1. Could you list, in their original order, any pairs among Lys79/Lys169; Lys15/Lys87; Lys47/Lys99; Lys51/Lys132; Lys185/Lys246 whose Cα atoms are separated by more than 21 Å?
2. Lys132: accessible area at probe 1.4 Å, nearest 10 Å²?
3. If ligands, DNA and RNA are left out, what is the accessible area of Lys51 with a 1.4 Å probe, given in Å² to the nearest 10?
4. Run the helix sum for the chain: -39,500 (n - 2.57) per DSSP H stretch of 4+ residues, divided by residue count, reported at 222 nm to the nearest 500 deg cm²/dmol.
5. Strictly under 4.7 angstrom between C-beta atoms: which cysteines of the chain have no such partner?
6. Shape call for region 117-158 from the C-alpha gyration tensor, a ≥ b ≥ c root eigenvalues: rounded (a/c under 1.5), prolate (a/b greater than b/c) or oblate?
7. How much of the DSSP beta bridge set in the chain is antiparallel, as a percent to the nearest 5?
8. Local charge sum around Leu145 (other residues, Cβ-Cβ under 11 Å, Lys/Arg +1, Asp/Glu -1)?
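The values are calculated or read from the model by the stated rules, or taken from the named source; none is laboratory data. Note that the structure is predicted; figures quoted are calculated from it, not measured. Quick reminder, even Gly has a Cβ in these numbers, built from the backbone with ideal geometry, and neighbours come from all protein chains shown. Heavy atoms of the whole protein, side chains included, go into the accessibility calculation; ligands, DNA and RNA do not. Shrake-Rupley method; radii C 1.70, N 1.55, O 1.52, S 1.80 Å.
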Amino acid sequence: MLYGAMNFPVRPVLKELETFSELGFDYLELTMDAPMAHYKIIRQQKKRLLKALHRHNMKLLCHLPTFVYTADLTHSIRKASLKEVLKSLEVAAELGCLKAVLHPSYIMGLGIFVLDQAREYALKSLDAVTEKADQLGLFLCIENLFPKIHSLAEPDDFSEIFEKFPTLKLTLDTGHAHIGDIDGKRAVNFIKRFPDRIGHIHASDNLGETDNHLPVGAGTVNFYEIIEALKNIGYDDTITLEVFSKDRDYLKISRDKLAAMFTCLF
């Protein structure tokens, strides 16, 4: 298993990388958001970033921009957002990243009153991003969201997506799957439903209401059941600790907890 951590994009990327190296992580998952990790800034830092990764013997994943609106009802906003994602994909390919993670289109504002139209825009954007990733030879993993975003939250939401895009994989986000999950089985259902499409994991905890990004064990996510399901499908790949606390030691603690669970569950 490879364990990684995600930079906070208001901090300098190279400093974040140094911190994660000191904590013993295997890779950086680079969130490509402004102000400090926009694709233009990353491209300027490309040589230094690649040298630092080599020096620390760390690998790289890229998380495409989160705070863009590729299903927005306004054409100019949607077009600009899609451009940001596609340009970020190009830089991700230049960096030779192992995987690229795609946050699905947000559907909010007036979009919730015309869901069919907004979802059509989201699908067209996904089509463009997937085509670009295939052209660049990138391993693209789309992330599950949570119900209030009205986009790709339940396992059923992904059936048509995976049928339409055969190269697309799933980034299973444990925190997102837990929000509003009445029976606590959504994450496990994703794994059982799409065992061959699980390409990456985001691990964080919460109390089932908001995306708190708590350390593992600080909330109510049943990680033992999730890990048991992952072991049953033979998953042995990348897990990013998406734990956003001021004290970075909680990243290491969360990683060690997960690693211990994988070891003790047979």
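1. From the list (Lys79/Lys169; Lys15/Lys87; Lys47/Lys99; Lys51/Lys132; Lys185/Lys246), the Cα-Cα distance tops 21 Å for Lys79/Lys169; Lys15/Lys87; Lys51/Lys132; Lys185/Lys246.
2. Its heavy atoms expose roughly 50 Å² to the probe.
3. About 140 Å², rounded to the nearest 10.
4. -13000 deg cm²/dmol
5. Cys141, Cys264
6. oblate
7. Percentage antiparallel, nearest 5: 5.
8. -4
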